[in-house]
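Trainee: Sending over a structure as structure tokens; questions will come in a sec.
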Amino acid sequence: MSSTSDQSTIAGAGEHAGGAAARGPDGDRTHAAIELQGVGMRFRMHSGRLSPTLKATVVETITRRRSRPRDFWVFQDLDISIASGERVGVIGANGAGKTTLIKLIAGVYAPAHGTVRVTGRVAPLVELATGLNMELSGVENILLLGSLLGHPPEVMLARAPAILEFAGLREFAEAPMKSYSTGMISRLSFSIATNVDPQILLLDEVFAGGDAEFVPRATERMHELMDASHIVVFVSHSLRLVRELTDRTLWIEHGRVVQDGPTGEVCDAYAASIAKR
Amino acid sequence: MSADAEVAPRTASAQGELLPQRTATGSLDAIHPRPSWVDDLRQDGQRLWEARHVVRLLTSSQLKTLYQRSALGFLWSLLTPLLMFAVLAFVFTNILSRSIPNFPLYLFSGQIPWLFFSAAVMGGSKSLLSQQRIVRKFPVHRMVFPLVSVTVAAVNMVLVTTALFVLFAALGTALAPQLLLLPVAMLLLIGFVFGVVLISMTLVTYYRDFEYIIPVGLQALFFASPVLLQPRQLGAYRIVMDLNPLTYHIELFRCALYSSSWPDGLTWSIALGSTLAALALGYLVFKRHEHDYVFHL
């Protein structure tokens, strides 16, 4: 399925495999898994901002009155375990920590406490167009986005014809992306992202962009990909989609798992709590 | 899933392949045993090697932007420094020509490293900011971005030097064995710049104010470096140039292109020492902030 170098690429693409852990990987590595143990995640606020200002820092250094940065904890002691074969929905109000959870699993954020262990190739289908480069051609962008997702160029080059075909961009393969329309760009990024054989699929809200003709094909492809992935984590505000696509649901509120169980039960409870408000 | 089925054997269990695994541990947690800096270095080296395709593709995209933006393309990246040299040479030959023999060549051989240094620092300092769309979405090693900026500037330096070599020869660069110093001087300067960029990038990412301070600092550094002037022309301020490590890096370029002489021990040791010190310090700063950059974009 993938070469050894491909594997190490992904293993290494993680934010920071801790020294010891990287050398002696624990657990079963033949099945995809997501394991969060005692995870704490904070945003450090400097008088209401994420970054301290130079002025404040200088003034505080001179007056020797250092204001303590205030920590805003998104998660404290979060334990989540997802095994191969699970389709997991994540629901909760805005600011509950859904996107932060996705970024922790994707390896963009590092936890402040605890351990995040992800086994399997991860494809975060989250605004992937951000990885594209306007100066490069369609094919070069396939290589670039592929390499950002941890796939070596030779693998992506072999898949390029299929990717361009699906996006309907065969004759634009060599054209720079700045000559593409918005629809073409979102078609291309979708096509690349869904052509990379992930074992773990991370979905944040609506994923099938593009024009009316493309959406049905994209939806179909999405379902195929979900079927082929070992694990799907789906973050959404749409209870209808969560019920339709997942069989287990995590309800997160203020960085805590309020309820974790079969999708039907959790969605009912969540809907009831919203109705009560 | 069949595209890459032609795989090397691996130590998978009977029923399936061995999947990639990533473990992230809390940055505030005490890890036992603490990884030593040797472990850190080895691991970062390995992860950068794995990210080499990202580096290559981002570099080529930036070079394209650099060379394709205008109709003349690459020609401009030659003409711009050339015209700048010409202006400086014209103005200063009349003022300084008596004190510096073959002033145009003196100027050219100093401008090459200086233009690389300032381009790399300008680009590298805001590399995380300008690539934040990628930094915020993909788990790419953060060092990739300054590395790309420095590589772009270095490729440009090598191309410009090669393309202008005919001109250098015409101005008096001797085809002497000292020319072999040039690649060494370039490598040392690239290492020095990379260390400096890791630090300036951290400053800019945490405090945007440095985006405005750095150009001013570069302007000051320009006059504290022997690009236009020689240390002895500074009189009482000579100490500033003597203490500037860039002086010794530029001196290496001069030995290769201008004076065709072998550098003395002091020049060698400060050039080498400052490169190692900058890399070590830059790496230290980077490791301390590695996981927090993303919150400041």
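Trainee: Probe radius 1.4 Å, ligands and nucleic acids ignored: give me the carbon and sulfur share of the accessible area of chain A as a rounded percent.
Mentor: Values: 6390 of 11750 Å².
Of all accessible area on chain A, carbon and sulfur atoms account for 54 percent.
Trainee: Roughly speaking, to the nearest percent, how much of chain B's 1.4 Å accessible area is carbon and sulfur? The partial results should precede the final answer.
Mentor: On the way: 9550 of 13810 Å².
C and S fraction of accessible area: 69 percent.
Trainee: Using a Förster radius of 60 Å, what is the FRET efficiency between A:Gln76 and A:Ala173 based on their Cβ-Cβ separation? Nearest 0.05, please.
Mentor: Values: r = 49 Å, r/R0 = 0.81.
Efficiency for this residue pair is about 0.80.
Trainee: With a point put 7 Å past each Cα toward its Cβ, work out how far B:Ala163 is from A:Asp260 in nm, to one decimal.
Mentor: With each label point 7 Å from Cα toward Cβ, the separation is 5.9 nm.
Trainee: Hey, in the GNM for chain B with a 10 angstrom Cα cutoff, which one of B:Asn102, B:Asn156, B:Asn94 fluctuates hardest?
Mentor: Highest fluctuation of the listed residues: B:Asn94.
Trainee: Summing both sides, how much accessible area is buried between A and B? Use a 1.4 Å probe and give Å² to the nearest 100.
Mentor: Working: alone 14810 and 17190 Å², together 25560 Å².
For chain A against chain B, roughly 6400 Å² becomes buried.
Trainee: Here's something else I'd like to know. How many nm is it between the label spots at A:His237 and B:Thr80, if each spot is 7 Å from the Cα in line with the beta carbon?
Mentor: Between A:His237 and B:Thr80, the simple spin-label model gives 4.4 nm.
Trainee: Okay, moving on. Using alpha carbons only, how many angstrom separate the centre of the stretch A:55-127 from the centre of the stretch A:217-277?
Mentor: 20 Å
Trainee: Now, a different point. In the protein assembly as shown, if the dipole is taken from +1 on Lys/Arg beta carbons and -1 on Asp/Glu beta carbons about the Cα centre, which of B:Ala163, B:Ala119, A:Leu132 is farthest to the positive end?
Mentor: B:Ala119
Trainee: Something else now. Mind checking the dipole of chain B: about its Cα centre, +1 per Lys or Arg Cβ, -1 per Asp or Glu Cβ, Debye to the nearest 20? Numbers along the way, then the final one.
Mentor: On the way: 21 positive and 15 negative charges, 90 e Å.
Magnitude of the dipole: close to 440 debye.
Trainee: Of the listed pairs A:Lys98/A:Lys178; A:Lys103/B:Lys287; A:Lys178/B:Lys137; B:Lys64/B:Lys137; A:Lys55/B:Lys137; B:Lys137/B:Lys287, which have alpha-carbon separations greater than 26 Å here?
Mentor: Details: A:Lys98/A:Lys178 33 Å; A:Lys103/B:Lys287 20 Å; A:Lys178/B:Lys137 21 Å; B:Lys64/B:Lys137 24 Å; A:Lys55/B:Lys137 30 Å; B:Lys137/B:Lys287 20 Å.
Over 26 Å Cα-Cα: A:Lys98/A:Lys178; A:Lys55/B:Lys137.
Trainee: Which length gain, in nm to one decimal place, applies between B:Lys287 and B:Ser269 when the Cα-Cα distance is subtracted from 0.36 nm times their residue separation?
Mentor: On the way: separation 18, 0.36 × 18 = 6.48 nm, distance 2.66 nm.
So the chain would gain 3.8 nm between B:Lys287 and B:Ser269.
Trainee: Distance from a point 7 Å along Cα→Cβ of A:Asp28 to each backbone N in the stretch A:55-97: keep the residues under 11 Å and list them by number.
Mentor: The answer is A:83-85, whose backbone nitrogens lie closer than 11 Å to the label point.
Trainee: In the P(r) worked out for chain A, what percent of Cα pairs fall beyond 30 Å? Numbers along the way, then the final one.
Mentor: Numbers: 14879 of 38226 pairs.
Counting pairs separated by more than 30 Å, the tail of P(r) holds 39 percent.
Trainee: How much of B:His289 can a 1.4 Å solvent probe reach, expressed as accessible area in Å² and rounded to 10?
Mentor: 40 Å²
Trainee: Would you pull out the residues with amide H under 5 Å of A:Val74's amide H, same chain only if 5 or more places away, H placed 1.01 Å from N?
Mentor: Under 5 Å from the amide H of A:Val74: A:Met41, A:Arg42, A:Phe43.
Trainee: Please work out the average accessible area per residue across the stretch A:138-229, using the 1.4 Å probe convention, and give it in Å². Walk me through the numbers before you get to the answer.
Mentor: Values: 3440 Å² over 92 residues.
The answer is 37 Å² per residue.
Trainee: Follow-up. Top mean-square fluctuation among B:Glu211, B:Glu251, B:Glu50, Gaussian network model of chain B, C-alpha springs under 10 Å?
Mentor: B:Glu50
Trainee: Then there is this: Looking at chain B as a GNM with Cα springs under 10 Å, which of B:Tyr212, B:Tyr258, B:Tyr248 has the largest mean-square fluctuation?
Mentor: With Cα springs under 10 Å in chain B, the top fluctuation among B:Tyr212, B:Tyr258, B:Tyr248 is at B:Tyr212.
Trainee: Note the full-extension length gain between B:Val155 and B:Val240 as 0.36 nm times their separation in residues minus their Cα-Cα distance, in nm to one decimal.
Mentor: Working: separation 85, 0.36 × 85 = 30.60 nm, distance 3.00 nm.
Result for the pair: 27.6 nm of gain on full extension.
Trainee: I would also like to ask the following. Take A:Met134, project a point 7 Å from its Cα along the Cβ direction, then tell me which residues of the stretch B:130-153 have their backbone nitrogen under 15 Å from it.
Mentor: It comes to B:130-134, nothing else.
Trainee: Mean residue ellipticity at 222 nm from the helices of chain A, using -39,500 (n - 2.57) per DSSP H segment of n ≥ 4 over the full residue count, to the nearest 500 deg cm²/dmol?
Mentor: Details: 10 runs with 108 residues, N = 277.
Helices in chain A give a 222 nm mean residue ellipticity of -11500 deg cm²/dmol.
Trainee: Okay, moving on. Below 13 angstrom from the Cβ of A:Leu201, what's the summed charge of the other residues (Lys, Arg +1; Asp, Glu -1)? Spell out each step's value before the answer.
Mentor: Values: positive: A:Arg87, A:Arg121, A:Arg221; negative: A:Glu86, A:Asp197, A:Asp204, A:Glu224, A:Asp227.
It works out to a net charge of -2.
Trainee: In addition: Across the residues of A:30-38, average count of Cβ atoms on other protein chains within 10 Å? Walk me through the numbers before you get to the answer.
Mentor: Values: counts 8, 4, 4, 2, 0, 1, 1, 2, 2.
Going residue by residue through A:30-38 and averaging, the value is 3.
Trainee: OK, next. Under a point-charge model restricted to the Cβ atoms of Lys and Arg (+1) and Asp and Glu (-1), what is the dipole moment magnitude of the stretch A:138-229 relative to its Cα centre, in debye to the nearest 20? Write down the numbers at each step before the final one.
Mentor: On the way: 6 positive and 13 negative charges, 33 e Å.
Around 160 debye, computed over the stretch A:138-229.
Trainee: Something else: Please report the base-10 log of the normalised intensity I(q)/I(0) for the stretch A:27-163, using a Debye sum with one equal scatterer per alpha carbon and no solvent, at each q in 0.20 (1/Å).
Mentor: Debye output, listed in q order: -1.17.
Trainee: If DNA, RNA and ligands are ignored and the probe is 1.4 Å, what is the ranking of B:Arg208, A:Arg221 by accessible area, most exposed first?
Mentor: Details: B:Arg208 90, A:Arg221 40 Å².
Putting B:Arg208, A:Arg221 in descending order of accessible area: B:Arg208, A:Arg221.
Trainee: Now for a separate question. Of the beta bridges DSSP finds with both residues in chain A, what % are antiparallel, to the nearest 5?
Mentor: Details: 24 of 41 bridges.
Rounded to the nearest five, the antiparallel share is 60 percent.
The values are calculated or read from the model by the stated rules, or taken from the named source; none is laboratory data. Note that the coordinates shown come from a computational prediction; the quantities given were computed from them, not determined experimentally. Quick reminder, even Gly has a Cβ in these numbers, built from the backbone with ideal geometry, and neighbours come from all protein chains shown. Just so you know, the surface numbers come from the protein's heavy atoms only, side chains and all, with ligands and any DNA or RNA stripped out. Shrake-Rupley method; radii C 1.70, N 1.55, O 1.52, S 1.80 Å.
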